Amino acid sequence: MRTLKAILRAPVRVIVFFIQIVLTLGVVIFGAAGGIVTKAGEIVGGLLILGSLLCVATGQISGDIFLKMFLGGVAFGAVPAVITKLGEEGILFVKGALSRI
């Protein structure tokens, strides 16, 4: 029984090894693309926040529009970072689960 288990486990470990390699490449690619998207979101979000503060300081917009612009800027900055982090952590969780096989 032990030899049968060892014989069946060897191909599974080889397959899991190649899946681990693919997932590692996925983390690298996801992190790089997510970094670019996150940086672009931070720039756009920062411009929205800065623009809303400048417009409310000069009295060009009301408080309602200021709040929409400000929260939109925060969302543009935060949402891509959260999605990138959750995606990377999800892939790493799957890798950890596969390594226990």
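Here are the numbers for the structure shown:
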{"item": "Checklist (1) free of Cβ contacts under 8 Å to residues at least 60 places away in the same chain; (2) surrounded by 10 or more Cβ atoms within 10 Å (Cβ to Cβ); (3) charged (D, E, K, R) applied to residue 64, failing item", "result": "(2)"}
{"item": "Index of the failed condition, residue 31 passing every other in (1) out of contact with any Leu (no Cβ under 7 Å at 6 or more places or on another chain); (2) in contact (Cβ under 8 Å) with a residue 24 or more places away in the chain; (3) more than 30 Å from residue 101 (Cβ to Cβ)", "result": "(3)"}
{"item": "Failed criterion for residue 41 (all others in (1) open to solvent by 60 Å² or more (accessible area, probe 1.4 Å); (2) touching a Pro at 6+ places or on another chain (Cβ under 6 Å) hold)", "result": "(1)"}
{"item": "Residue among 36, 15 that is open to solvent by 70 Å² or more (accessible area, probe 1.4 Å), under 30 Å from residue 80 (Cα atoms) and part of a helix (DSSP H, G or I)", "result": "36"}
{"item": "Region 75-91 residues that are over 20 Å from residue 28 (Cα atoms), paired with ones that are open to solvent by 40 Å² or more (accessible area, probe 1.4 Å) (beta carbon under 7 Å, 6 or more apart)", "result": "76/44; 76/48; 77/42"}
{"item": "Options 7, 49, 21, 29; residue that is open to solvent by 80 Å² or more (accessible area, probe 1.4 Å) and at pLDDT 90 or above", "result": "29"}
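The values are calculated or read from the model by the stated rules, or taken from the named source; none is laboratory data. In this text the structure is predicted, and so the values were computed from the model without any measurement. Backbone-built Cβ (ideal geometry, glycine too); neighbour counts: all protein chains shown. Surface areas here come from the heavy atoms of the whole protein model, side chains and all, with no ligands, DNA or RNA. Shrake-Rupley method; radii C 1.70, N 1.55, O 1.52, S 1.80 Å.
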